[in-house]
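The numbers here are math on the coordinates, done by the rules we state, and not lab data. Here the structure is a predicted model, which means the values were calculated and not measured. FYI the Cβ positions are ideal-geometry reconstructions off the backbone, even for glycines, and counts take in every protein chain you see.
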Amino acid sequence: MAESTFIYVTYIRTTPDALWKALTDSDYIPQYWLGARAEAEWRVGGPWKLVLADGRTADSGELLEFEPPRRMAIKWRNEFMPELTAEGWSHCLFELEPEGEAVKLTVTHSIPVERSKLVQAVSSGWPKILSNLKSLLEGGRAVVVRTPEAAHA
């Protein structure tokens, strides 16, 4: 079966625990996720959803893996755009690896759909979100402003 995959790797000058907290703290997430917030039960099998600033659900899913502070996987479906929702469930994996004074963060977002529109959308969204996360953790503030197309990456 054909699959579409987007992989993003960045190195963030922080600790695995601090990065993990930033990825899972529902109050911290809107600071780098362009105003969207995550609502989740942070455990394997727990529900997860990304809620836009206006209250609409952008994405929903379930935590498939939750291994603090190393690995988290989310079964993920876009709920905001019908053409993306129609593609079905995707898989988003976060892997954290200590690298000296930094943490290597790898985000892999895939779906069993060839030439996926969802993967095309997250390919522009993830770099903005993860650049914001890096800037926020290293320098205290995010750098990418909220834009409608990036808010539901």
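Between M81 and A18, the FRET efficiency estimated from the beta carbon spacing at R0 = 30 angstrom works out to 0.35.
Our estimate of slack between A53 and R70, defined as 0.36 nm per intervening residue step minus the Cα-Cα distance, is 3.3 nm.
Cβ crowding within 10 Å, taken as a proxy for footprinting-reagent exposure, orders S110, S124, S135 from fewest neighbours to most as S124, S135, S110.
Annotation for the range 107-128 versus the range 33-74: alpha-carbon center distance of 17 Å. Report summary: the helix-based calculation at 222 nm, which adds -39500 (n - 2.57) for every DSSP H run with n ≥ 4 and divides by the residues of the chain, gives -7500 deg cm²/dmol.
Evaluating 6.51 cos²θ - 1.76 cosθ + 1.60 at θ = phi - 60° for every residue in the range 37-51, the Karplus couplings come out as 10, 9, 10, 8, 9, 6, 7, 4, x, x, x, 9, 8, 10, 10 Hz, glycine and proline recorded as x. Axis angle, to the nearest 10 degrees, between helix 117-139 and the longest C-alpha principal axis of the chain: 20 degrees. Taking all pairs of different Cα atoms in the chain, averaging 1/r and flipping that mean, what Kirkwood radius in angstroms comes out? Taking every pair of different Cα atoms in the chain, averaging 1/r and inverting gives 15.4 Å.
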